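Note sheet for the following structure.
The values are calculated or read from the model by the stated rules, or taken from the named source; none is laboratory data. Remember, it's a predicted structure, so these values are computed and weren't measured experimentally. No Cβ is skipped: glycine too gets one built from the backbone with ideal geometry, and neighbour counts run over all protein chains shown.
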Amino acid sequence: MAKTSIPQKVQSALWARAGGRCQFRGCNEDLIGDLVAGREDGTFGFIAHIVADSVQGPRGDPVRSPLLARSLENLMLMCARHHKLIDVDALADYPEPMLIGMKGEHESRIGVVTAIDHDRASHVIRFGANIGENEALVSTKAIFMAMPPDHHPASGQTIDLEMTGCTYRDDEAAYWMFQRDNLRRQFEAKVRGRIERQEVRHLSVFALAPQPLLIELGRLLCDIAPAVVRQRHREPPTWSWQANQPRIDYRVSEPTPERTGPIALKLGISATLTNEPITELLGPDVAIWSVTADNPHNDILRHPDDQVVFRQTLRRLLDRIKTTHGEGQLIHVFPAMPASLAVELGRIWMPKADLAMTIYDKNRTAGFMPTITLGRD
């Protein structure tokens, strides 16, 4: 137990730097409530020395202990459990450099979060299948932690658009009509009105759902409010961007002029799509346009700039398809791409300028089947 009396101004500075939370890596327990209530029980915040204030204490040093006894840089805010862990239960496992690293990481994160301006507030949309049952995938905590430094949650509550229980199977057309109408009604009730009343000025979208519904969500969002669409990564499991990862090299291909049949758009970003299933569905003279990526895989999208390039690439391609085939045509879209790019596809599609689209979904038993049509409903 520390013997040194820490000056009040140093204690206040430590609580402020720590944001009132335990600085042990991975804990982040909120300690403010007990401080206000004056409860010095098992969850009260403790000020711990990295280098003990005496030679006999944890990590004590005959020279440095008295010099650092009241130093802010030598103090950490801890919950009771982790205070006891680093000083008693597992003292040997927590040397000075490790604790200094924990303190630095925590205070850096608090500094970044609290420095975000008010105008960077963003309302969070969560869209997924039965969000309550899949909290680990679309959890509020994981979402909020991924938003800084560009944005911070405008509210502690998320706007949830859920896929409710449905007795139809996804290989039935009625399933897609039910889910489309359900999404539209929820969006009108929970999002559009608040934007029109200027209660919501910016949106952060976190979505995990079948690709046709993600595209429909993007269509609903369009450009009615500024928005960013986040991507869920599998390794590591996070919504935070992985800026140090390789960038996507998008490749565009066009059909040969003799292909004068139905128009298809193949989007093979997260998986390889072959032409055979498309020609089986639409005929041998189908005109297949495509945007693909080298070495497609589920975790391919790591950087927000890849979204920008995708939007630019697809925008040019949609214009090119319309110029080639003319007005009044229908594009059959076969998507295999990261969730956020599916939303972006819906956002860039312009109902008054672009050709109508029928979105296909790959069912495990029935193969590709048409689901939702944009522009003809």
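What about Thr164, is it exposed (fewer than 12 other Cβ atoms within 10 Å of the Cβ), under 24 Å from Ile143 (Cα atoms) and among the polar types (S, T, N, Q)?
yes
Within the range 39-50, is even one residue within 21 Å of Glu107 (Cβ to Cβ), modelled with pLDDT of 90 or more and assigned to a loop (DSSP other than H, G, I, E, B)?
Within the range 39-50, one or more residues are within 21 Å of Glu107 (Cβ to Cβ), modelled with pLDDT of 90 or more and assigned to a loop (DSSP other than H, G, I, E, B).
Exactly one of these conditions fails for Arg376: (1) modelled with pLDDT of 95 or more; (2) more than 21 Å from Tyr250 (Cα to Cα); (3) charged (D, E, K, R). Give me its number.
So the condition that Arg376 fails would be (1).
Taking the conditions exactly as written (closer than 20 Å to Arg347 by Cβ, outside any loop (DSSP other than H, G, I, E, B), in contact with a helix residue (DSSP H, G or I) (Cβ under 7 Å, 6 or more places away or on another chain) and among the hydrophobic types (A, V, I, L, M, F, W, C)), does Ile288 satisfy them or not?
Answer is no for this residue.
Please enumerate the residues belonging to the range 172-205 that are loosely packed, with under 14 Cβ neighbours inside 10 Å and among the charged types (D, E, K, R).
Selection gives Asp181, Arg185, Glu188, Glu196, Arg197, Glu199.
Of the residues in the range 51-80, how many are in a helix (DSSP H, G or I) and either under 41 Å from the mean Cα position of the chain (by Cα) or of a type in the set (A, V, I, L, M, F, W, C) (or both)?
The number of residues fulfilling the criteria is 6.
Being surrounded by 12 or more Cβ atoms within 10 Å (Cβ to Cβ), at negative phi, outside any loop (DSSP other than H, G, I, E, B) and touching a residue at least 12 places away in the same chain (Cβ under 8 Å): is that true of Leu281 here?
yes
If you take just the helices (runs of 4 or more DSSP H) that sit entirely in the range 140-218, which of them hold at least 2 residues that are among the aromatic types (Phe, Trp, Tyr) and assigned by TED's automatic domain parsing to the domain that holds Phe127?
Correct list: 173-187.
Search the range 91-135 for residues being exposed (fewer than 11 other Cβ atoms within 10 Å of the Cβ) and modelled with pLDDT of 90 or more, and hand back the single one that is nearest to the chain's Cα centre (by Cα).
Only one residue fits best here, namely Pro97.
Can you name every residue in the range 364-377 that is surrounded by fewer than 15 Cβ atoms within 10 Å (Cβ to Cβ) and in contact (Cβ under 8 Å) with a residue 24 or more places away in the chain?
Passing the criteria: Thr365, Ala366, Gly367, Arg376.
Kindly indicate whether any position in the range 241-249 is of a type outside the set (D, E, K, R), touching a Leu at 6+ places or on another chain (Cβ under 9 Å) and either over 30 Å from His151 (Cα atoms) or surrounded by 20 or more Cβ atoms within 10 Å (Cβ to Cβ) (or both).
Yes; the residues of the range 241-249 include at least one that is of a type outside the set (D, E, K, R), touching a Leu at 6+ places or on another chain (Cβ under 9 Å) and either over 30 Å from His151 (Cα atoms) or surrounded by 20 or more Cβ atoms within 10 Å (Cβ to Cβ) (or both).
Out of everything in the range 1-33 that is of a type in the set (A, V, I, L, M) and in a helix (DSSP H, G or I), what residue ends up being farthest from Gly101 (Cα to Cα)?
Ile32
Give the range 55-85 a look and list any residue that's touching a Lys or Arg at 6+ places or on another chain (Cβ under 9 Å), touching a residue at least 60 places away in the same chain (Cβ under 8 Å) and farther than 17 Å from Trp15 by Cβ, or say none.
Ala69
Within the range 147-203, how many residues turn out to be more than 15 Å from Gly128 (Cβ to Cβ), of a type in the set (Ser, Thr, Tyr) and in contact (Cβ under 8 Å) with a residue 12 or more places away in the chain?
Counting residues in the range 147-203 that are more than 15 Å from Gly128 (Cβ to Cβ), of a type in the set (Ser, Thr, Tyr) and in contact (Cβ under 8 Å) with a residue 12 or more places away in the chain gives 1.
Examine the range 306-328 for a residue that is buried (at least 24 other Cβ atoms within 10 Å of the Cβ), not in a helix (DSSP H, G or I) and not β-branched (Val, Ile, Thr), and state whether such a residue exists.
no
Taking the criterion of being over 19 Å from Leu213 (Cα atoms), in contact with a helix residue (DSSP H, G or I) (Cβ under 7 Å, 6 or more places away or on another chain) and of a type in the set (A, V, I, L, M), would at least one residue in the range 323-346 satisfy it?
No, because not a single residue in the range 323-346 is over 19 Å from Leu213 (Cα atoms), in contact with a helix residue (DSSP H, G or I) (Cβ under 7 Å, 6 or more places away or on another chain) and of a type in the set (A, V, I, L, M).
Just checking, which of Ser270, Ser290 is touching a Pro at 6+ places or on another chain (Cβ under 6 Å) and not aromatic (Phe, Trp, Tyr)?
Sole residue among the options that is touching a Pro at 6+ places or on another chain (Cβ under 6 Å) and not aromatic (Phe, Trp, Tyr): Ser270.
Could you go through the range 258-275 and let me know if any residue there is at pLDDT 95 or above and part of a helix (DSSP H, G or I).
No - not one qualifying residue is present in the range 258-275.
Is at least one residue of the range 339-357 among the basic types (Lys, Arg), over 30 Å from Ala243 (Cβ atoms) and part of a helix (DSSP H, G or I)?
Taking every residue of the range 339-357 in turn, none turns out to be among the basic types (Lys, Arg), over 30 Å from Ala243 (Cβ atoms) and part of a helix (DSSP H, G or I).
Would you mention how many residues in the range 250-272 are under 30 Å from Pro149 (Cβ atoms) and either among the hydrophobic types (A, V, I, L, M, F, W, C) or surrounded by fewer than 20 Cβ atoms within 10 Å (Cβ to Cβ) (or both)?
Total meeting the criteria: 2.
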